[in-house]
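Visitor: One structure is given below, represented as structure tokens, and several questions about it will come after.
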Amino acid sequence: MISKRIAAALAGATTVSLLLVACGDNGGGQSSTSGDSVKSLTILDYYNNDPDKSLVQKGLDSCASKLGITIQRETVPGDTLIQKVLQQASSKTLPDVLMLDNPDVQQIAATGALAPLNDMGLNSDGVIQGMVDATSYEGKLYGLAPVTNTIALFYNKDMLAEAGVQPPKTWDELKAAAKKLTKPGRYGIAFNANATYEGSWQFLPAMWTNGGDETDLTSPQVAEALQLWVDLVKSGSASKSVINWTQGDAKDQFAAGKAAMMVNGPWQIPALEKTPNVKWDVVTFPLNKPDQTPVAPLGGEAWTVPLNKDQAKQQKAADFVKCLNSDENELAWAKARFTLPTKTALLDQYAKEVPSMKAFAEQVKTARARTGKLGDKWPDAAKVIYQAIQLALTGKASPQDAFKQASGG
């Protein structure tokens, strides 16, 4: 869901190792010219746990059947994927089809290891702009994502009704609601503000919705967003432990009735469905000012095609990626996994068919790619963000000074 891993792995690797693949044959032997000669494709992804592993397998098998091929799939833990990619690149054994977390696509594309999809008849027509930004590099498309996700505001319907509180639409309403909903044994809101990329990810709806920008983290708009987090913790409406919580921890608090609201994503819905006593709903992230648009970060994985001297195999891999991103597959995967189609035209239909995803379908239309502006420099900004959050929430710096300190200023 969130890229926590590429920065360290890629920083320690040599670009040359990835460039080697462009000179190799990717394990494919002599170049082929006929697409019909391609009978099998290799695939690498990090969906290594069920139910996702099995659900994704169904989609992969469906496209393999349509293309008349077999597939050899390898899955690895998410935090090991990039290192695996680096190793395979240096040994010229990259798979024919490679799945990457969307913030990682530009960094791998920049090394020259991936084939531009535009050159093989694919395009991003109709895809939400945030995902196009994430999977493009220097004007070329390197990945397509069948589904995506984002974060919004969950709330406990019974708790809000009992307190006479409406789902908040503004920051002032959010703070007032969280305070009113707080009582012994229960916080008004739970969120993740830990010192990882996940903590930065959860802060982005406040920062971006308020007009803050990762290209200038010392702006008043960014400080205002951090002040929101500080106000929620300082008032006692959110636990001081948010500096250590993961998104899973926030979900656990909400599911146990220890938090009336939470910032989180739709991947938590299967777990919430196992707690039927908790009646919940979701709204888009509240606005600081009425004329703002809620902007949240874009999650999800893209499927790419590593460069291959075997042109027929490379084209077949591109055809496979195209199949994965058909309207039929986007809707099927979204419904099965509580994710969202990446094509704008499918979102309204999907929201009608899966009402619990309505707010996320709305939120994702204006969601942004983390790498959209900074590209491979995004991990540096993300580190400054989570360090500043820690400084402010522990009282070591004001929201205005936290980002300056975290930036080394």
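Visitor: Any residue at all in the range 6-29 that's assigned to a loop (DSSP other than H, G, I, E, B), at pLDDT 95 or above and not charged (D, E, K, R)?
Guide: At the first step, the residues of the range 6-29 found to be assigned to a loop (DSSP other than H, G, I, E, B) are 12-14, 24-29.
Subsequent filtering for residues that are at pLDDT 95 or above retains none.
No, that holds for no residue.
Visitor: Under 23 Å from L60 (Cα atoms) and assigned to a helix (DSSP H, G or I): which single residue out of M99, M131 fits that description? Before the answer, list the steps.
Guide: Numbers: M99 fails: assigned to a helix (DSSP H, G or I).
Every option except M131 fails the conditions.
Visitor: Please give the number of the condition E330 fails out of (1) within 27 Å of V230 (Cα to Cα); (2) in contact with a strand residue (DSSP E or B) (Cβ under 8 Å, 6 or more places away or on another chain); (3) acidic (D, E).
Guide: Every condition holds for E330 apart from (1).
Visitor: Here is a follow-up. Which residue out of N123, N118 is surrounded by fewer than 24 Cβ atoms within 10 Å (Cβ to Cβ) and part of a helix (DSSP H, G or I)?
Guide: N118
Visitor: If I filter the range 160-204 down to residues being farther than 23 Å from K279 by Cβ and among the aliphatic types (A, V, I, L, M), which single residue comes out as nearest to the chain's Cα centre (by Cα)?
Guide: L204
Visitor: Could you list all residues from the range 72-120 that are closer than 15 Å to Y47 by Cβ, touching a Leu at 6+ places or on another chain (Cβ under 7 Å) and of a type in the set (S, T, N, Q)?
Guide: Of everything in the range 72-120, just one residue is closer than 15 Å to Y47 by Cβ, touching a Leu at 6+ places or on another chain (Cβ under 7 Å) and of a type in the set (S, T, N, Q), namely N102.
Visitor: Check off (1) touching a helix residue (DSSP H, G or I) at 6+ places or on another chain (Cβ under 7 Å); (2) buried (at least 18 other Cβ atoms within 10 Å of the Cβ); (3) at pLDDT 95 or above; (4) not hydroxyl-bearing (S, T, Y) for L174 and give me the number that stays unchecked.
Guide: Result: L174 passes all but (1).
Visitor: Further, regarding this structure: In contact (Cβ under 8 Å) with a residue 12 or more places away in the chain, over 21 Å from K358 (Cα atoms) and of a type in the set (K, R), is that true of K175?
Guide: Working: in contact (Cβ under 8 Å) with a residue 12 or more places away in the chain: yes; over 21 Å from K358 (Cα atoms): yes; of a type in the set (K, R): yes.
Taking the combined requirement at face value, the residue satisfies it.
Visitor: Right, next: How many residues does the range 269-298 hold that are closer than 18 Å to Q247 by Cα, of a type outside the set (A, V, I, L, M, F, W, C) and either out of contact with any Ser or Thr (no Cβ under 7 Å at 6 or more places or on another chain) or modelled with pLDDT under 95 (or both)?
Guide: 6
Visitor: Taking the stated definitions as given, is M99 in contact with a strand residue (DSSP E or B) (Cβ under 9 Å, 6 or more places away or on another chain), surrounded by 17 or more Cβ atoms within 10 Å (Cβ to Cβ) and at pLDDT 95 or above? Even if it seems obvious, please write down each step before you answer.
Guide: On the way: in contact with a strand residue (DSSP E or B) (Cβ under 9 Å, 6 or more places away or on another chain): yes; surrounded by 17 or more Cβ atoms within 10 Å (Cβ to Cβ): yes; at pLDDT 95 or above: yes.
Yes; evaluated as a whole, the condition is true for this residue.
Visitor: Among the residues of the range 367-409, which ones are among the polar types (S, T, N, Q) and at pLDDT 95 or above?
Guide: The first filter runs over the range 367-409 and keeps only residues among the polar types (S, T, N, Q), leaving 371, 387, 390, 394, 398, 400, 405, 407.
The answer is Q387, Q390, T394, S398, Q405.
Visitor: What residue, of A109, A89, A113, is touching a strand residue (DSSP E or B) at 6+ places or on another chain (Cβ under 7 Å), more than 26 Å from V295 (Cβ to Cβ) and assigned by TED's automatic domain parsing to the domain that holds D310? So that I can check it myself, show each step before the final result.
Guide: On the way: A109 fails: more than 26 Å from V295 (Cβ to Cβ); A89 fails: touching a strand residue (DSSP E or B) at 6+ places or on another chain (Cβ under 7 Å).
Checking each option against the conditions leaves just A113.
Visitor: Sort through A318, A361 and tell me the only one that's in the same structural domain as G68 (by TED's automatic domain parsing), hydrophobic (A, V, I, L, M, F, W, C) and within 30 Å of K92 (Cβ to Cβ).
Guide: A318
Visitor: Which of the following residues is in contact with a strand residue (DSSP E or B) (Cβ under 7 Å, 6 or more places away or on another chain) and either touching a residue at least 12 places away in the same chain (Cβ under 8 Å) or surrounded by fewer than 23 Cβ atoms within 10 Å (Cβ to Cβ) (or both): F360, F338? Walk me through how you get there before you give the answer.
Guide: Values: F338 fails: in contact with a strand residue (DSSP E or B) (Cβ under 7 Å, 6 or more places away or on another chain).
That would be F360, the only listed residue that is in contact with a strand residue (DSSP E or B) (Cβ under 7 Å, 6 or more places away or on another chain) and either touching a residue at least 12 places away in the same chain (Cβ under 8 Å) or surrounded by fewer than 23 Cβ atoms within 10 Å (Cβ to Cβ) (or both).
Visitor: Here's a follow-up. Tell me whether the range 179-193 contains one or more residues that are closer than 22 Å to W333 by Cα, in contact with a strand residue (DSSP E or B) (Cβ under 7 Å, 6 or more places away or on another chain) and in contact (Cβ under 8 Å) with a residue 60 or more places away in the chain. Working first, answer last.
Guide: Taking the range 179-193 and keeping what is closer than 22 Å to W333 by Cα, we get none.
No, the range 179-193 has no match at all.
Visitor: Within the range 363-397, track down each residue that is more than 20 Å from E198 (Cβ to Cβ) and either without any contact (Cβ under 8 Å) to a residue 60 or more places away in the chain or in contact with a Phe, Trp or Tyr (Cβ under 7 Å, 6 or more places away or on another chain) (or both).
Guide: Scanning the range 363-397 gives G395, K396, A397.
Visitor: Out of curiosity, is P205 farther than 25 Å from V364 by Cα, modelled with pLDDT of 95 or more and out of contact with any helix residue (DSSP H, G or I) (no Cβ under 7 Å at 6 or more places or on another chain)? Full working, then the answer.
Guide: Details: farther than 25 Å from V364 by Cα: no; modelled with pLDDT of 95 or more: yes; out of contact with any helix residue (DSSP H, G or I) (no Cβ under 7 Å at 6 or more places or on another chain): yes.
Spelling it out, it is not the case that P205 is farther than 25 Å from V364 by Cα, modelled with pLDDT of 95 or more and out of contact with any helix residue (DSSP H, G or I) (no Cβ under 7 Å at 6 or more places or on another chain).
Visitor: In addition: Quick one: what pairs do we get from the range 295-312, first residue under 27 Å from Q129 (Cβ atoms), second among the basic types (K, R), C-beta under 7 Å, 6+ apart or different chains?
Guide: What qualifies is V295/R368; P297/R368; P297/R370; L298/R368.
Visitor: I would also like to ask the following. Just to be sure I understand the filter: pairs with C-beta atoms under 6 Å, separated by 6 or more residues or on different chains, first member in the range 107-118 and without any contact (Cβ under 8 Å) to a residue 60 or more places away in the chain, second member of a type outside the set (F, W, Y) and not in a helix (DSSP H, G or I). Which pairs pass?
Guide: Partner pairs satisfying both residue conditions: P116/K140; N118/K140; N118/L141.
Visitor: With L122, L181, L160 as the choices, which residue is modelled with pLDDT of 95 or more and under 24 Å from L298 (Cα atoms)?
Guide: Details: L181 fails: under 24 Å from L298 (Cα atoms); L160 fails: under 24 Å from L298 (Cα atoms).
Of the residues listed, the single one that is modelled with pLDDT of 95 or more and under 24 Å from L298 (Cα atoms) is L122.
The values are calculated or read from the model by the stated rules, or taken from the named source; none is laboratory data. Everything numeric in this text was worked out from a predicted model, so none of it was measured. So basically every Cβ, Gly included, is an ideal-geometry build from the backbone, and we count neighbours across all protein chains shown.
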